[in-house]
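Q: Structure in structure tokens, see below.
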Amino acid sequence: MEHARIFLAITLSFLVFLVWGYFFEEPKPDLNITETAKPAVSQPLAQTTDSEKSSPSTTPVILEQNLPEYTSAKDITVNTSLYRITISQKGAAVKSLILNNYREKAENGSSQKELISEENKNGTLLVSFGDKSLPQVQDALFQTTAQNETVQIVSHPETISFSWISPFGYTLEKKYTFRPDSYLIGLQVVLKNTSENILNNQFSLYLSNLVNPKDAQYGFEGPSALIDNSLVQIPFKEIPEKAVSTGNIKWISLEERYFISSIIPEKPSQAQMKIRLENQMFQGQLVEPEISIEPGHQAAFNYHIYMGPKSLTILKSLNLELDKAINFGMFDILAKPCLWLMNTFYGVIPNYGVAIIIMTLLVKAVLWPLGTKSYKSMAEMKRMQPLLNEIRTKYPNDKKKMNEETMALYKTYKINPMGGCLPMLVQIPVFFALYRMLYEAIELRHAPFIGWINDLSAPDRLFHFPFSIPFMEPPYGIPVLTLIMGVTMFLQQKMSPPVGDPTQAKMMMLMPVVFTVIFINFSSGLVLYWLVNNVVSILQQYFIQKKYS
């Protein structure tokens with residue numbers, strides 16, 4: 001989120017410069033940000049599926065043995081209308097999940113979106129245990145009930161089982177249930193104790209995938225969970241300090257910018273989420289409370305698995321509270337209604353660029369009274385500039401007297417010098433809400449607008465150059481929308497009343513240039529919003545200044 005922090009700092013600096021110009025005082029910001037976290041308490045929970053357990057007995061130590069390495073493990077591929085999933089007999093792990101309705105890139109002919117990296121050799125949704133009672137289960141060869149290597153899920157849900165009998169008399173079974181029209185996958189893991197010993201163990205199911213922590217630039221990417229009804233999001237860089245989270249866990253997830261992979265227990269309980277990141281390979285475990293299984297008994301663990309688009313509409317329809325994973329930051333309460341508005345407009349005019357323009361105009365209409373008040377104050381300030389210049393010329397070396405005379409002038413003409421700033425401050429939360437929403441909304445991924453803009457989630461580039469451009473991230477080209485936006489910012493700057501200090505005035509004139517450089521790498525959807533907002537603001541400011549000049 002480095003660019004977001006820079007942009008926020010520059011925006012606030014712009015406001016500070018404006019206020020300083022009115023009062024001729026140098027601001028002294030005092031920023032103090034703290035973050036605290038309260039650990040949750042875990043409670044043990046035992047669950048068996050057969051009759052009540054007999055009195056506990058001592059579990060003999062089971063020595064770990066190497067299992068044979070299987071080279072003939074087959075892959076079972078399941079096709080639905082939404083995705084194609086591949087499960088290996090080795091560990092009964094998911095090694096591939098391809099989304100039918102999403103592509104890797106915006107260009108025509110691009111391959112469909114793969115959620116599991118090819119470098120993740122072991123796959124995901126593997127199981128593990130707290131001790132060595134089931135050694136090398138990840139490498140075990142599971143037998144499957146699938147009759148063919150390719151299974152079509154067309155009209156009704158189907159369950160495919162994978163089972164493995166360990167050399168120690170335990171049977172592990174993983175049952176996947178697929179639905180023809182849902183991203184939700186059912187998973188039941190059954191551990192049967194067919195030995196003569198009591199099995200005391202701690203079962204865990206985990207997500208695993210290759211990640212790139214540098215991808216998380218503007219929004220959140222990384223592990224998250226719903227613990228004790230609170231959303232917990234852990235940036236990649238904080239994983240070493242927050243490797244274990246405990247509490248009533250409703251789900252754990254690995255979030256990308258537009259996609260999410262989740263483990264959702266059917267019955268939430270006091271459990272742990274353990275995470276680690278090593279050589280860009282992420283692993284997130286949902287660790288169940290310790291269980292004790294008597295000989296001849298079994299324990300079952302039931303989950304929902306979701307691996308698909310991070311769409312608010314889809315996630316809400318699941319009724320599993322997974323939609324809480326979509327969080328647009330501190331202005332989330334404003335961003336989600338804007339997302340709903342944008343999708344509503346898209347339902348009428350199926351072009352997300354047009355939907356953004358209409359949404360921007362509507363937001364601008366709501367904030368129109370504040371803008372009018374701001375521009376009216378600016379017009380009055382601009383009309384007073386000759387009088388203010390006289391005071392500055394008369395008292396060039398007496399700041400105190402200069403301020404006194406300036407404030408007296410404001411009082412005489414009944415002008416509030418903050419009148420132009422406060423309405424702008426009110427609009428800042430709206431901008432940042434839209435900024436996060438437009439960056440993270442999967443609806444804009446690969447969504448075309450007009451001409452060369454074929455992906456509103458990507459930076460605007462006309463032509464592709466074979467050489468690099470300073471401050472620009474690849475691909476390199478002409479950022480047409482961004483350059484036009486910079487021109488509109490320059491026009492706004494010229495229309496605003498000049499600040500008194502020459503140094504501050506020069507810095508203010510540089511603001512459009514700085515903003516243009518920052519916006520070069522922003523998504524074209526966000527630049528489009530800012531451009532339309534600027535154009536409407538210029539028109540509003542022109543008519544207000546003409547009226548009160």
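Q: Only one of 170, 83 is at pLDDT 95 or above and out of contact with any Asp or Glu (no Cβ under 6 Å at 6 or more places or on another chain); which?
A: Within the list 170, 83, the selection yields 83.
Q: Give me a count of the residues in the range 211-238 that are in contact (Cβ under 8 Å) with a residue 24 or more places away in the chain and among the hydroxyl-bearing types (Ser, Thr, Tyr).
A: Count: 2.
Q: Could I ask something else about it? Out of all the residues in the range 197-217, is one or more of a type in the set (Lys, Arg) and assigned to a strand (DSSP E or B)?
A: No, because not a single residue in the range 197-217 is of a type in the set (Lys, Arg) and assigned to a strand (DSSP E or B).
Q: For residues that are in contact with a strand residue (DSSP E or B) (Cβ under 9 Å, 6 or more places away or on another chain) and without any contact (Cβ under 8 Å) to a residue 60 or more places away in the chain, tally how many sit in the range 239-255. Can you show your working first?
A: Quick first cut of the range 239-255, residues in contact with a strand residue (DSSP E or B) (Cβ under 9 Å, 6 or more places away or on another chain) only: 239-240, 242-255.
Then keep just the ones that are without any contact (Cβ under 8 Å) to a residue 60 or more places away in the chain; that gives 239-240, 243-244, 249, 252, 254.
Counting residues in the range 239-255 that are in contact with a strand residue (DSSP E or B) (Cβ under 9 Å, 6 or more places away or on another chain) and without any contact (Cβ under 8 Å) to a residue 60 or more places away in the chain gives 7.
Q: Moving on to the next point. Which residue is nearest to the chain's Cα centre (by Cα), if the candidates are limited to the range 70-95 and must be within 14 Å of residue 183 (Cα to Cα) and assigned to a loop (DSSP other than H, G, I, E, B)?
A: Among residues in the range 70-95 that are within 14 Å of residue 183 (Cα to Cα) and assigned to a loop (DSSP other than H, G, I, E, B), the one nearest to the chain's Cα centre (by Cα) is 82.
Q: Continuing with this model, one more query. Taking only pairs six or more apart or across chains, which ones have beta-carbon atoms under 7 Å, a first residue in the range 309-332 that is modelled with pLDDT of 95 or more, and a second residue that is part of a helix (DSSP H, G or I) and surrounded by fewer than 16 Cβ atoms within 10 Å (Cβ to Cβ)?
A: Filtered contacts from the range 309-332: 323/316.
Q: Right, something else. From the list 346, 375, 395, which one is of a type in the set (Ser, Thr, Tyr), under 19 Å from residue 447 (Cα atoms) and either crowded, with 21+ Cβ neighbours inside 10 Å or outside the structural domain of residue 304 (by TED's automatic domain parsing) (or both)?
A: Just one listed residue meets the conditions, 346.
So that you can scan it fast, the table gives a plain yes or no per residue for (1) among the charged types (D, E, K, R); (2) assigned to a loop (DSSP other than H, G, I, E, B); (3) at pLDDT below 95:
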{"position": "464", "(1), (2), (3)": "no, yes, yes"}
{"position": "470", "(1), (2), (3)": "no, yes, yes"}
{"position": "474", "(1), (2), (3)": "no, yes, yes"}
{"position": "481", "(1), (2), (3)": "no, no, no"}
{"position": "490", "(1), (2), (3)": "no, no, yes"}
{"position": "494", "(1), (2), (3)": "yes, no, yes"}
{"position": "497", "(1), (2), (3)": "no, yes, yes"}
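Q: Select from the range 361-402 the residues that are of a type in the set (A, V, I, L, M), assigned to a helix (DSSP H, G or I) and under 30 Å from residue 528 (Cβ atoms) and list them in ascending order. Full working, then the answer.
A: So in the range 361-402, the residues of a type in the set (A, V, I, L, M) come out as 361-363, 365-367, 370, 378-379, 381, 384, 387-388, 391, 402.
Now drop any that are not assigned to a helix (DSSP H, G or I), which leaves 361-363, 365-366, 370, 378-379, 381, 387-388, 391, 402.
Residues satisfying the conditions are 361, 362, 363, 365, 366, 370, 378, 379.
Q: Take the residues in the range 235-262 that are aliphatic (A, V, I, L, M) and either under 26 Å from residue 302 (Cβ atoms) or in the same structural domain as residue 445 (by TED's automatic domain parsing) (or both); name whichever of them is surrounded by the fewest Cβ atoms within 10 Å (Cβ to Cβ).
A: Filtering first and then ranking leaves 244.
Q: Give the range 303-332 a look and list any residue that's closer than 20 Å to residue 229 by Cα and part of a strand (DSSP E or B), or say none.
A: Selection gives 303, 304, 305, 306.
Q: Inside the range 89-124, can you point out the residues that are among the hydroxyl-bearing types (Ser, Thr, Tyr) and crowded, with 21+ Cβ neighbours inside 10 Å? Write out each step before concluding.
A: Taking the range 89-124 and keeping what is among the hydroxyl-bearing types (Ser, Thr, Tyr), we get 96, 102, 110-111, 117, 124.
Hit for the range 89-124 is 124, nothing else.
Q: Residues that are over 21 Å from residue 78 (Cβ atoms) and of a type in the set (Gly, Ala, Ser): does the range 169-188 have at least one?
A: yes
Q: Then there's this: State which residue is farthest from residue 428 (Cα to Cα) when the search covers only the range 315-340 and only residues that are among the hydrophobic types (A, V, I, L, M, F, W, C) and surrounded by fewer than 18 Cβ atoms within 10 Å (Cβ to Cβ).
A: By that ranking, first place goes to 318.
Q: Take residue 296 and decide whether it is surrounded by fewer than 17 Cβ atoms within 10 Å (Cβ to Cβ), in contact (Cβ under 8 Å) with a residue 24 or more places away in the chain, not in a helix (DSSP H, G or I) and not aromatic (Phe, Trp, Tyr).
A: yes
A quick yes/no check of all residues on (1) more than 24 Å from the chain's Cα centre (by Cα); (2) assigned by TED's automatic domain parsing to the domain that holds residue 309; (3) among the β-branched types (Val, Ile, Thr):
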{"site": "218", "(1), (2), (3)": "no, yes, no"}
{"site": "227", "(1), (2), (3)": "no, yes, yes"}
{"site": "264", "(1), (2), (3)": "no, yes, yes"}
{"site": "271", "(1), (2), (3)": "yes, yes, no"}
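The values are calculated or read from the model by the stated rules, or taken from the named source; none is laboratory data. All of these numbers come straight from a predicted model, not from anything done at the bench. All Cβ positions, glycine included, derive from the backbone under ideal geometry; neighbour counts span all protein chains shown.
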